Amino acid sequence: MSDLKLNVLPSPTWNWLRMNDTNYQMKSADGYASPSSIVTASGVSENDGIFPADFDGGVGHDFSKALDQTNKSAEVFDINADTTDPLKIAFKYDDDSTLANRFVINLAENKKATVIMNFEAEKSAGQYSSQVAANIAKGAELTVVQIMRFSHEATFLNDIGTEIDDKGKFNLVQIVLGGKNVFLGVKNHMSGAGSAIDMKLGYYMTGDDNLDVNYVASHTGKRTLSDIYVNGVLRDRAQKTFRGTIDLIKGCKGAKGNELEDVLLMDKPVRNKTIPVILCAEEDVEGNHGATIGKLAKDLLFYLESRGMSREAVYEMMARARIDAIASNISDEDTKKRVGEYLDEFRR
Amino acid sequence: MKEKTQVADIDRSMYDFRYSEDDAYKVDEGLTPAIVEQISKEKNDPEWMHDFRLKSLEIYNQIPVPNWGPSIEGLDMDNIVTYVRPKDNKMQNDWNNVPTDIKDTFEKLGIPQAERKSLAGVGAQYDSELVYHNVKDSVAEKGVVYTDIESALHGPYADMIKDHFMKLVPPTDHKFAALHGAVWSGGSFVYVPKGVHLDFPLQSYFRLNAKGAGQFEHTLIIVDDDAYLHFIEGCSAPKYNVANLHAGCVELYVGKNATLRYSTIENWSKNMYNLNTKRAKVEEGGKVEWISGSFGSHVSYLYPESVLAGKGSRSEFTSVTFAGKGQNLDTGCKVVHAAPDTSSYVNTRSISKDGGISTFRSAVVISEKAAGSKSSVSCQSLMLDDISRSDTIPAMDIRTSDADVGHEAKIGRISDEVVFYLMSRGMSEEDARALIVSGFADNVGKELPLEYAVEMNNLIQLEMKGAIG
């Protein structure tokens, strides 16, 4: 067991809020999980390699160190051609073990690729981890889609770090459906001029689920762009913490960062923590943040109930609509369908 | 060659005069039980206050300095004099009897003129002691109490002071609240009885003249049910090359359906560590309105807090912060919604220039008991050059589904398009930029009485210069 500080806020605030980081007692990994399926794409080569020692992801250094203790290796995907079909990796965790997988994705100059990762532990109660280091070369565009479906007993730690060169782009779609403790951390190093990120997160947490997120857009390159959109639903006694930081570092002239969060609170005992941070050390930049947190509008609820829907059905429809809105950004139809199936089964 | 348009720093010359404090009574530098005992003796504290001070000192020694805000490494308590009593000090209620140096100081700052014009009462603190307090007869006749807090400790309101003093801001709150509890001196006590509506504001002005000293005034205001009060505080100090410290404490109790507007124009000198604590508790249907302009200080930690304790209570927080060269101003607010149907509105502006650092920090907490509550937070920051810094760190902790919370933040520079538009209407670029910056800070200016809005504009003095080549 290691006592870790996870999802550390880049600029801390009052300790009494308990939002600067999250303490977690992490079990040492027993090993790595074998994918339940891999669909490779043309132009992608897969090799065993070493995970970068200087990796800087969103979940934080404590997590990397803890994984280093048991496994420094990684599956390395070198993508040297445009891929028409996505690379798909799926994990189905069937037992309550403690597993960790690390990946390196190297996308060559001016290439375009999509990687779809599916993590599923619908019945098991283990602790599972994934860490992705993505290197996006000049003019390249990498899209990563991660679907996470976890039981009320499972814990998942999911860490991503990107290095983005000139005019490179990173698109991320993450969908989280449940989990006792789900930690998501993404840190983007936009050092290349004109590089961009577009991150979208949809979540639906129920029961006593807990979601803990730390997104960081680190703008060092000129004219860099970041867009972060988070849309989620909390039901029952679920909890969520969202930390989103746009860091406009001196020298990133012409950079722009936008962050938007919508949270739908459906049952009284839920708890939502949000801390959207903008750090700015440059004049010629723009940073924007907006958040709306609240319940369903009474008028909407009244209208739908007057049309014969039960309150529960209205809630489910609105929750689903939010996840669908994020899932609509996924181009792979099979994956979209899978999200739909997860949602069909979700509250049964 | 295009020369960048410059926004000049605030002209502080009108505040940078000083008088010798050689004849003043002072305690030794540093913070020890003996010094706290000495202050307590000087103040003729009742026994409970004497014990309270010593307990606070113990707490101070146990609490670490904050690990999240601007550095306060330049503040060494071993070099701070925590109590300075001006010579010939005796609290006066006739302006003519105030010692000449002190009178000159406040005349230069315009305090008596302000009183003559439009105030219901005035208090003036010089270093650690109140030197003048006066309240208009018509106001006193309504039962309004406005006095120095030391007098109140021994008079008919002694029990009221004991029941409320540092109950909202306990010494355990943070290190500098504990420091305040140990060495506080001066400040005002205001009581507005039930149903009394004061048409004119009360004002306190705090002046720290002594080099290397601290000012620790305590302001306690109780606005009873259905009453109304506007209270204004101003503060300034001459600049020295050693650190000065301000660790005041403001506790506001707002009764049922009462309203308290608390306005502050803070213009401490740029060697000042301003570690001030302000908190209001608002009962059912009551409202607190904070208006805050922060212009001075070397380092500021300032976050007025509203505790919305009664059903339907409200808070509004409107502020502007201007951080120039050598300044690190960490300002913002906290709102705790602790009762149903409460609402809060936060509207702030920050300006950073010439290497100044401005941080907006806020916390909105909506508790399980606060069903039906609403909160809206808007913070905007303006960067006037690329050597400055501006951060926004707003936190929201929502513990019930029956709440509506909105937040928006924006950081940017002066829009070229807007400057272009104004220039196309015949303005020079300098005038256009000055107009935009003044308008940006207008959220506070328009909430202040006219005289104070003018003072604020004088403070900003955004003198634009630069040639467009």
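Listing for the model above:
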quantity	calculated
Helices (runs of 4 or more DSSP H) within the range A:274-348 that include 2 or more residues among the β-branched types (V, I, T)	A:311-327, A:333-346
Residues satisfying the stated conditions in the range B:249-280, i.e. modelled with pLDDT of 95 or more and among the charged types (D, E, K, R)	B:E251, B:K256, B:R261, B:K278, B:R279
Residue within the range A:281-289 that is touching a Gly at 6+ places or on another chain (Cβ under 9 Å), within 14 Å of B:T392 (Cα to Cα) and more than 7 Å from chain B (Cβ to nearest Cβ) present	no
Residue within the range B:340-358 that is part of a strand (DSSP E or B), more than 24 Å from the chain's Cα centre (by Cα) and within 12 Å of another protein chain (Cβ to nearest Cβ) present	no
Output for the range A:233-256, where each listed residue is closer than 30 Å to B:D386 by Cα and either within 9 Å of another protein chain (Cβ to nearest Cβ) or basic (K, R) (or both)	A:R243, A:I246, A:L248, A:K250, A:G251, A:K253, A:K256
Test: residue in the range A:189-202 that is crowded, with 24+ Cβ neighbours inside 10 Å, within 13 Å of the chain's Cα centre (by Cα), at pLDDT 95 or above and polar (S, T, N, Q)	no
The range A:257-272, residues that are over 16 Å from A:R322 (Cα atoms), more than 8 Å from chain B (Cβ to nearest Cβ) and of a type in the set (D, E)	A:E259
Residues being under 13 Å from A:N231 (Cβ atoms) and out of contact with any strand residue (DSSP E or B) (no Cβ under 8 Å at 6 or more places or on another chain) - total across the range A:262-289	0
Members of the range A:151-162 found to be free of Cβ contacts under 8 Å to residues at least 40 places away in the same chain and crowded, with 23+ Cβ neighbours inside 10 Å, listed by number	A:F156, A:T162
Residue check, A:T22 at pLDDT 95 or above, touching a strand residue (DSSP E or B) at 6+ places or on another chain (Cβ under 7 Å), closer than 30 Å to B:G69 by Cβ and β-branched (V, I, T)	yes
Unmet criterion (only one of (1) modelled with pLDDT under 95; (2) surrounded by 13 or more Cβ atoms within 10 Å (Cβ to Cβ); (3) more than 23 Å from the chain's Cα centre (by Cα); (4) outside any loop (DSSP other than H, G, I, E, B)) for B:L57	(1)
Filtered residues of the range B:392-427 (kept if facing another protein chain (nearest Cβ under 7 Å) and not in a strand (DSSP E or B))	B:R399, B:T400, B:S401, B:D402, B:R413
Filter pass, A:K295 being surrounded by 16 or more Cβ atoms within 10 Å (Cβ to Cβ), at pLDDT below 95 and not β-branched (V, I, T)	yes
Any hit, the range B:363-374, residues being hydroxyl-bearing (S, T, Y) and at pLDDT 95 or above	yes
Sole exception among (1) at negative phi; (2) without any contact (Cβ under 8 Å) to a residue 60 or more places away in the chain; (3) surrounded by fewer than 24 Cβ atoms within 10 Å (Cβ to Cβ) for B:S313, by number	(3)
All positions within the range A:206-229 that are within 23 Å of A:S195 (Cα to Cα) and touching a helix residue (DSSP H, G or I) at 6+ places or on another chain (Cβ under 9 Å)	A:Y229
Residue within the range A:290-312 that is touching a residue at least 40 places away in the same chain (Cβ under 8 Å) and in contact with a strand residue (DSSP E or B) (Cβ under 9 Å, 6 or more places away or on another chain) present	no
Pairs where the first residue, in the range A:232-250, is at positive phi and the second is surrounded by fewer than 24 Cβ atoms within 10 Å (Cβ to Cβ) and of a type outside the set (D, E), C-beta under 7 Å, 6+ apart	A:D236/A:T206; A:D236/A:G207
Residue in the range B:132-144 that is touching a helix residue (DSSP H, G or I) at 6+ places or on another chain (Cβ under 8 Å), of a type in the set (V, I, T) and either modelled with pLDDT under 75 or assigned to a helix (DSSP H, G or I) (or both) present	no
Selected residue [modelled with pLDDT of 95 or more and either among the small types (G, A, S) or farther than 25 Å from A:K337 by Cα (or both)] from A:L107, A:L157, A:L142	A:L107
Residue in the range A:169-187 that is away from chain B (no Cβ under 14 Å) and farther than 18 Å from A:N158 by Cβ present	yes
Top-ranked residue in the range B:183-205 [being over 23 Å from B:K281 (Cβ atoms) and of a type in the set (A, V, I, L, M, F, W, C); ranked as surrounded by the fewest Cβ atoms within 10 Å (Cβ to Cβ)]	B:F200
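For (1) touching a Phe, Trp or Tyr at 6+ places or on another chain (Cβ under 7 Å); (2) not in a strand (DSSP E or B), each residue gets a yes or a no:
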{"site": "B:D173", "(1), (2)": "no, yes"}
{"site": "B:A182", "(1), (2)": "yes, yes"}
{"site": "B:S204", "(1), (2)": "no, no"}
{"site": "B:A210", "(1), (2)": "no, yes"}
{"site": "B:I221", "(1), (2)": "yes, no"}
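Condition check ((1) closer than 30 Å to A:S11 by Cβ; (2) modelled with pLDDT under 95; (3) aliphatic (A, V, I, L, M)) across all residues:
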| position | (1), (2), (3) |
| --- | --- |
| B:K4 | yes, yes, no |
| B:K41 | no, yes, no |
| B:M77 | yes, yes, yes |
| B:T82 | no, yes, no |
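The values are calculated or read from the model by the stated rules, or taken from the named source; none is laboratory data. Here the structure is a predicted model, which is why all the values come from computation and not from measurement. Virtual Cβ from ideal backbone geometry, glycine too; neighbours counted across all protein chains shown.
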